[in-house]
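Colleague: Take this structure, written in structure tokens, and hold onto it; I'll ask about it next.
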Amino acid sequence: MTHGLITVFGGTGFLGRAIVRHLVESGATVRIAARHPYAPDLAGASDQIELQTADVRDEDSVAEAVNGATSVVNAVGLYVEQGKATFDTIHVEGAGRVARRAQQAGIRRLVYISGIGVDPASPSKFVRARAYGEQRVHNAFSDAVILRPSVMFGPNDAFLGALKTVTRLPVVPLFGNGATRLQPVYVEDVAKAVLQALDTPEAAGKIFELGGAQIYSYRDIVERVLAYFDRRRLLLPVPFSVWKILARMASLLPNPPLTRDQVILMEMDNVVGTGIGTFADLDIDPRSLEQMLSHCLGESLH
Ligand SMILES: NC(=O)c1ccc[n+]([C@@H]2O[C@H](COP(=O)([O-])OP(=O)(O)OC[C@H]3O[C@@H](n4cnc5c(N)ncnc54)[C@H](OP(=O)(O)O)[C@@H]3O)[C@@H](O)[C@H]2O)c1
């Protein structure tokens, strides 16, 4: 049972909304901190929700957002750099700022959302920033719990949503030959892990990698989505070098559907490592993509 006031930075995002709902259902009061915060549609919960305009790049607004809170969750996301909102300012400096201000405010527990595959030596600026961000968080708040999900899925997500669209094409392009291994994790299971991380004393200072119940190759996932919609398509292997060229062209668009960082991430397996905390250590039995496919993809007759 999570008590007190919990500030959730990024509480309006895909994961943040699930975290806020789980916290409210557990009886906590939640302060949603984002640049454009809005109240979730949770019946009868308005007295458990506070809205706080905050930008993790801004010292004062971060201090205000953590003031009086018992615990803090940082689920801020940035996938495409836009002007001054860069991977460095959000995922490195912003992450460090939230951790430092949380420490100064005497916050009991900080949970920081990162991702599987963080690597300070990655060719991806995004992946490098996530690794440096984790270091900043750890340096400022040594008891912070770091959660690294694999690719997350849920109703109206980006991952299955893109596959739903791409499998309508007559030919479905694969990343490389589609052999990259992924461990998709249900967004609700990650939200449960956040609550456990807030409540479990032994989690302090630890890193957990969160993957779903089953590992699939990318090709496997495409084939399952095709089978779900009863579509028969040719699968076309496309070299990563070609994807990088396509991503460079897409970067000229205002909302690029694909980034170079995503292509680099797809070159590497994204599965839970060894010798690190997992769902099992948080007493959670995660679901598999297969189990949740109809719930997430909806009507299959089209
Ligand atoms: N989605 C996945 O498959 C996946 C997988 C692994 C790890 N993760 C990680 O999980 C976390 C959450 O991802 P998500 O997909 O839920 O992200 P998301 O849907 O893009 O949500 C991003 C959230 O961050 C807030 N935000 C953005 N810039 C901000 C700023 N400068 N200051 C304060 N708040 C800001 C946004 O609200 P405003 O725009 O109103 O500020 C929004 O609430 C991220 O760290 C992400 O890298 C995601």
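Colleague: Of 107, 116, 90, which residue is in contact with a strand residue (DSSP E or B) (Cβ under 7 Å, 6 or more places away or on another chain), at pLDDT 95 or above and within 10 Å of the ligand (Cβ to nearest atom)?
Modeller: None of the others qualify; the one that does is 116.
Colleague: Which of the residues belonging to region 63-80 are farther than 23 Å from residue 260 by Cα and open to solvent by 20 Å² or more (accessible area, probe 1.4 Å)?
Modeller: Listed by number, the residues that qualify are 63, 64, 67, 68, 70.
Colleague: Here is a further query. Give region 245-280 a look and list any residue that's open to solvent by 100 Å² or more (accessible area, probe 1.4 Å), free of Cβ contacts under 8 Å to residues at least 24 places away in the same chain and touching a Lys or Arg at 6+ places or on another chain (Cβ under 9 Å), or say none.
Modeller: If the condition is that a residue be open to solvent by 100 Å² or more (accessible area, probe 1.4 Å), free of Cβ contacts under 8 Å to residues at least 24 places away in the same chain and touching a Lys or Arg at 6+ places or on another chain (Cβ under 9 Å), then 248 is the only one that fits.
Colleague: Within region 90-203, which strands (runs of 3 or more DSSP E) (wholly inside it) include 1 or more residues that are more than 13 Å from the chain's Cα centre (by Cα) and crowded, with 23+ Cβ neighbours inside 10 Å?
Modeller: 109-113, 145-149
Colleague: In region 233-266, which residues are touching a strand residue (DSSP E or B) at 6+ places or on another chain (Cβ under 7 Å) and in a loop (DSSP other than H, G, I, E, B)?
Modeller: Within region 233-266, 233, 239 qualify.
Colleague: Would you pick out the residues in region 32-49 that are within 15 Å of the ligand (Cβ to nearest atom) and over 19 Å from the mean Cα position of the chain (by Cα)?
Modeller: Passing the criteria: 38, 39, 49.
Colleague: Taking residue 223, is it in contact with a helix residue (DSSP H, G or I) (Cβ under 6 Å, 6 or more places away or on another chain), surrounded by fewer than 22 Cβ atoms within 10 Å (Cβ to Cβ) and assigned to a helix (DSSP H, G or I)?
Modeller: no
Colleague: Between residues in region 118-129 that are of a type in the set (Phe, Trp, Tyr) and residues that are not in a loop (DSSP other than H, G, I, E, B), which pairs lie under 9 Å by C-beta distance while being six or more apart or on different chains?
Modeller: Final answer for the pair search is 126/87; 126/91; 126/260; 126/261; 126/262; 126/264; 126/265.
Colleague: Just the residues that are open to solvent by 80 Å² or more (accessible area, probe 1.4 Å), assigned to a loop (DSSP other than H, G, I, E, B) and hydrophobic (A, V, I, L, M, F, W, C), please, taken from region 37-62.
Modeller: 43
Colleague: Could you pull out the residue among 230, 283 that is more than 18 Å from the chain's Cα centre (by Cα), within 21 Å of residue 196 (Cβ to Cβ), at pLDDT 95 or above and surrounded by fewer than 17 Cβ atoms within 10 Å (Cβ to Cβ)?
Modeller: Of the residues listed, the single one that is more than 18 Å from the chain's Cα centre (by Cα), within 21 Å of residue 196 (Cβ to Cβ), at pLDDT 95 or above and surrounded by fewer than 17 Cβ atoms within 10 Å (Cβ to Cβ) is 283.
Colleague: Please work out if residue 83 is open to solvent by 10 Å² or more (accessible area, probe 1.4 Å) and at positive phi.
Modeller: yes
Colleague: Now, a different point. Filter region 1-29 for residues that are within 13 Å of the ligand (Cβ to nearest atom) and in contact with a Ser or Thr (Cβ under 9 Å, 6 or more places away or on another chain) and give the result.
Modeller: Within region 1-29, 7, 20 qualify.
The values are calculated or read from the model by the stated rules, or taken from the named source; none is laboratory data. Everything numeric here is computed off the predicted structure, so don't read it as measured data. Here Cβ is always computed from backbone atoms with ideal geometry, including for glycine, and neighbour counts include all displayed protein chains. For the accessible areas, the whole protein counts, side chains as well, though only heavy atoms, and no ligand, DNA or RNA atoms are used. Shrake-Rupley method; radii C 1.70, N 1.55, O 1.52, S 1.80 Å.
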